[in-house]
Amino acid sequence: MCACYNRIHRHNPSLKSSCSPIHCQVTCKRFQCLEYPAFAKIVGISSRGLLFIRAAVSIPSETSDRTTRASSKPHSSGNLQRKAVFHLRRLADAAKGISPTLTPARLSKARCREVKDLLAVAGLAPGASKLSGASVDALGAKCLADLLWALGVLGDVHYLQEEMEAVLQVVDFQRQDFTLKGLADVSWSLATAHHWTPKLADLAAEVVVLGGLKEIRANYHFTGLLWSFAILNFDPPNLLNEVPPPQRVASFNPVQLINACWSLCVLQEMQSELFKCLWRELGTRDLTAIENTKHTAAQLSQIKMSSNEGGGALLVTDTHERILEEADRRWRRLLATDDYRMSAQHADTCRALRSMGMDYVIEDVSSGYAVDIAIPELRIAIEIDGPFHFARNVKRRLGPSAMKHRHLIQRGWHVFPLTAEDWISAESSSEALQDLRDLILTQRGAV
């Protein structure tokens, strides 16, 4: 066991379950590749108990020492590219284990010189619009999937958008030899980065060709694929009709079942046989042992709100009722204690409402969601939808945001969304606020 492994887990015991000795061997020991030396370390800072990744890559130039080159066996540029993707994947593996509270530290690695050097070796030079044909042939489907996965982890929503798009330009899910694991990794990466691509339909079609959901071996790949489609607001045709064998459904843990059921609610697939199968299984589980996190409580509360969607009421047993009621109560308590930060858009909107003599509530949680600005008297929900409500590369609303609007409308609210585009100029913001005034006048007349 390496010293770095012990140093990490002394300050971060929670990583023991997700970081194995072989993982540390990959990310902590020095690699002496024939083409270039590279190493990646996870380092613990004892004074703060934090983690960060230190990566270093040394890529030889044409003027490298001839003696060193003579002692190395010749290797193709394709092998060099595959090695670069290998190290990017390992760096991303290490970064993914960092606590979500340290996301800024993880994302800073996307901009470090070493990651950029590895991307350049893999064929993603700065400013490249797509991988060259030679790079695509050299990498193959597995490395392309690993590369996209690493870009999603290291870049998240904020960085490496151009690089991800450059890889997607040359990906062909139906002609290249992707595995189900690779397809699940790619979809998860796209959802993590909020990156939309029309090729998602080809990805889903290839999953069907390879046998569908029932052929996905790992449970986290199964539920991760559903989650990815839900985040990107894409309902895959012909994929959600099949039902896994009972023994497979029984192998899911409660958190995976909740995540899968929530994903199907986002996609409005409450009446699908897949949802019914997973939901019945969840009703047989004892959830008292699982940690009732904010994330889990939110998902269960939103499943409850979805109970009358899809043309029929949700089958609710006594166990389901207890689970949903407890989660809903916890979620509403958490909503009421959330910190709130007012943006310039919030301030402008509130100023306009005050000029009209309107009473409003900031962060109203009476609906089960945090409504940015609510006018309860008129049942108007003003949503300041920032960039995280949409895909980062196109104007496409993400699944959770669409479900929020849908649930509010079903509960009698008139949703009035305001986006960043409405504040591009003084003219556009004035037009948006005038539309809001018109809605208020209309609702006043209706009341």
From the list 371, 365, 361, exactly one residue is hydrophobic (A, V, I, L, M, F, W, C), in contact with an Asp or Glu (Cβ under 8 Å, 6 or more places away or on another chain) and more than 21 Å from residue 240 (Cβ to Cβ). Which is it? 371
Some residue of the range 212-233 being touching a His at 6+ places or on another chain (Cβ under 9 Å), of a type outside the set (Lys, Arg), more than 22 Å from residue 85 (Cα to Cα) and not assigned by TED's automatic domain parsing to the domain that holds residue 403: yes
Pairs please, first residue from the range 367-381 and of a type in the set (Phe, Trp, Tyr), second anywhere and in a strand (DSSP E or B) and surrounded by 23 or more Cβ atoms within 10 Å (Cβ to Cβ), Cβ atoms under 9 Å, 6+ apart in sequence or on different chains. 369/381
Within the range 180-235, which residues are farther than 16 Å from residue 390 by Cα and among the β-branched types (Val, Ile, Thr)? 186, 207, 208, 209, 216, 223
Would you check if there is a residue in the range 408-417 being in contact with a Phe, Trp or Tyr (Cβ under 9 Å, 6 or more places away or on another chain) and closer than 18 Å to residue 443 by Cα? yes
Filter result for residue 307 (outside the structural domain of residue 442 (by TED's automatic domain parsing), surrounded by 20 or more Cβ atoms within 10 Å (Cβ to Cβ), among the polar types (S, T, N, Q) and outside any loop (DSSP other than H, G, I, E, B)): no
Taking the options 184, 204, name whichever one is free of Cβ contacts under 8 Å to residues at least 40 places away in the same chain, small (Gly, Ala, Ser) and crowded, with 20+ Cβ neighbours inside 10 Å. 204
Meets criteria (of a type in the set (Asp, Glu), in a helix (DSSP H, G or I) and not assigned by TED's automatic domain parsing to the domain that holds residue 388) for residue 269: no
Return yes when residue 418 is at pLDDT 90 or above and crowded, with 19+ Cβ neighbours inside 10 Å and no when it is not. yes
Test result for residue 243, modelled with pLDDT under 90, touching a helix residue (DSSP H, G or I) at 6+ places or on another chain (Cβ under 6 Å) and farther than 24 Å from residue 406 by Cα: yes
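The values are calculated or read from the model by the stated rules, or taken from the named source; none is laboratory data. As the structure is a computational prediction, the values presented were derived from the model and not from experiment. Positions of Cβ are backbone-derived with ideal geometry, glycine not excepted, and every protein chain shown enters the neighbour counts.
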